[in-house]
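Please read the structure below before turning to the comments.
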Amino acid sequence: MAFSNLVAIAIIVTTAATLHVAGITNIQTSSQAAEALRPVAGRFAFSVFTLGILGMGLLAVPVLAGSAAYAIGEARKWPTGLARQPLQTKAFYATLTIATLVGVALNFASVNPIQALFWSAVITV
């Protein structure tokens, strides 16, 4: 938890140091977000942005899918837990799989990724 909070603070500080100071307050595409990193990252701005998004996705998908599976499982009073065998917790693992597949499917949908990030942050707060 402390590490994720540290990452969030780093994102806020980086955004303030690059975007807000430059007067950029309305980003609509991931390309614009990557370009905004140019003052800090130089010619590596797109590489840094790509690595950040990839890392965030690798961190977020299992966490979000797992939390969805636990929330639904607990609400439905199913046996839950990753320490249990899949045959003992079929509904839990099915929910985990479906949540992961939904996350993967969103990559192929015509969803604005910046808006999706914004609204997911609003929903989780």
Is there any pair with a first residue in the stretch 10-22 that is under 13 Å from residue 37 (Cβ atoms) and a second that is among the hydroxyl-bearing types (Ser, Thr, Tyr) whose Cβ atoms are under 8 Å apart and which are 6 or more apart or on different chains, and what are they? 19/25
List, please: which pairs have Cβ atoms under 6 Å, are six or more places apart or on different chains, and start with a residue in the stretch 105-125 that is in contact (Cβ under 8 Å) with a residue 12 or more places away in the chain and of a type in the set (Val, Ile, Thr) and end with one that is assigned to a helix (DSSP H, G or I) and surrounded by 10 or more Cβ atoms within 10 Å (Cβ to Cβ)? none
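Checking the condition over 18 Å from the mean Cα position of the chain (by Cα), farther than 27 Å from residue 3 by Cα and of a type in the set (Val, Ile, Thr), which residue from 24, 72, 98 passes?
Working: 72 fails: farther than 27 Å from residue 3 by Cα; 98 fails: over 18 Å from the mean Cα position of the chain (by Cα).
Criteria check complete, one pass: 24.
Read the figures in this text as sums done on the coordinates, not as results from a lab. Source: prediction; values computed, not measured. Backbone-built Cβ (ideal geometry, glycine too); neighbour counts: all protein chains shown.
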